[in-house]
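The block underneath contains the structure these notes are about, expressed in structure tokens.
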Amino acid sequence: MTEIRLYLSVRDLSDADLSSCGWAGSPKHVRELVHQIRRAEAGEVDYLAVFTPVGLPVAVGGIDYTVKPGAGTLWQLGVHPALRSCGIGTLLIRSAEQRISTRGLTRAELGVEESNPRARALYERLGYRAFGRELESWDVEAEDGSLRRYGTMCTLMRKDLA
């Protein structure tokens, strides 16, 4: 078997990166990332991406500092489908945890859909522990552009960073 090493970097997502983020969700989701970049510029969130050496984003995710006092809340975490289970999600989450710590906060929180055991297993491997459940919902865009409300039960997880 041939081994390929790819050197990745993590930085803030920018408007210029959005044209390469179609894998991350529907066109509506990618359009809404503009709003998250504006929130990052205002200091409310960090919105990170993992990049290949040629500058293509292969993972994205946000940290919201307005949800819970004393914590950074991770959300919209995603890795390009062709590159899952390669350690890229771990790199993204560890980078997010560093950002949270840099702000002087000592806790990271997230919600994971109960229908996504692979993601939950990753979070548990990284030290996150369940502390509750919550019904979440958001609009999902169909291929024809129509919207529907998607609802799901999420397990709430946290990790102490101190």
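The values are calculated or read from the model by the stated rules, or taken from the named source; none is laboratory data. Note that this is a predicted model, so its numbers are computed, not measured. Glycine gets a Cβ as well: all are built from the backbone with ideal geometry, and neighbour counts include every protein chain shown. Just so you know, the surface numbers come from the protein's heavy atoms only, side chains and all, with ligands and any DNA or RNA stripped out. Shrake-Rupley method; radii C 1.70, N 1.55, O 1.52, S 1.80 Å.
Cβ separations smaller than 8 Å between residues 6+ apart or across chains give the following pairs from the stretch 146-158 residues that are over 20 Å from Pro27 (Cα atoms) to residues that are among the hydroxyl-bearing types (Ser, Thr, Tyr) and surrounded by 12 or more Cβ atoms within 10 Å (Cβ to Cβ): Met157/Tyr123; Met157/Tyr128; Arg158/Tyr128.
Count of the stretch 102-139 residues, restricted to those that are in contact with a Leu (Cβ under 9 Å, 6 or more places away or on another chain), farther than 25 Å from Gly151 by Cβ and of a type in the set (Val, Ile, Thr), is 1. Among the residues examined, Glu141 does not qualify as open to solvent by 60 Å² or more (accessible area, probe 1.4 Å), among the acidic types (Asp, Glu) and touching a residue at least 24 places away in the same chain (Cβ under 8 Å). In the stretch 56-76, which residues are under 20 Å from Thr106 (Cβ atoms) and open to solvent by 10 Å² or more (accessible area, probe 1.4 Å)? Once the filter is applied, which keeps residues that are under 20 Å from Thr106 (Cβ atoms) and open to solvent by 10 Å² or more (accessible area, probe 1.4 Å), the stretch 56-76 yields Asp64, Tyr65, Thr66, Val67, Lys68, Pro69, Gly70, Thr73, Trp75.
Checked against the criterion of being in contact (Cβ under 8 Å) with a residue 60 or more places away in the chain and among the charged types (D, E, K, R), the stretch 55-72 contains not a single residue that satisfies it.
Going through the stretch 13-31 one residue at a time, which ones are outside any helix (DSSP H, G or I), surrounded by fewer than 18 Cβ atoms within 10 Å (Cβ to Cβ) and out of contact with any Asp or Glu (no Cβ under 7 Å at 6 or more places or on another chain)? Listed by number, the residues that qualify are Ser14, Gly25.
For the stretch 107-124, indicate whether the set of residues that are more than 18 Å from the chain's Cα centre (by Cα), over 19 Å from Val79 (Cα atoms) and surrounded by 15 or more Cβ atoms within 10 Å (Cβ to Cβ) is non-empty. No; the residues of the stretch 107-124 include none that is more than 18 Å from the chain's Cα centre (by Cα), over 19 Å from Val79 (Cα atoms) and surrounded by 15 or more Cβ atoms within 10 Å (Cβ to Cβ).
Ser85: out of contact with any Ser or Thr (no Cβ under 7 Å at 6 or more places or on another chain), at pLDDT below 95, open to solvent by less than 50 Å² (accessible area, probe 1.4 Å) and among the small types (Gly, Ala, Ser), yes or no? Judged against the criteria, Ser85 is not a match. With the structure loaded, tell me whether Ile93 is over 15 Å from the mean Cα position of the chain (by Cα) and free of Cβ contacts under 8 Å to residues at least 40 places away in the same chain or whether it fails that test. When the stated conditions are applied, Ile93 does not pass them. When Arg5 is tested against (1) surrounded by 11 or more Cβ atoms within 10 Å (Cβ to Cβ); (2) free of Cβ contacts under 8 Å to residues at least 40 places away in the same chain, only condition (1) is not met. One residue stands out in the stretch 32-55 among those that are over 22 Å from Thr73 (Cβ atoms) and over 16 Å from the mean Cα position of the chain (by Cα): the one that is most open to solvent (accessible area, probe 1.4 Å), namely Val54.
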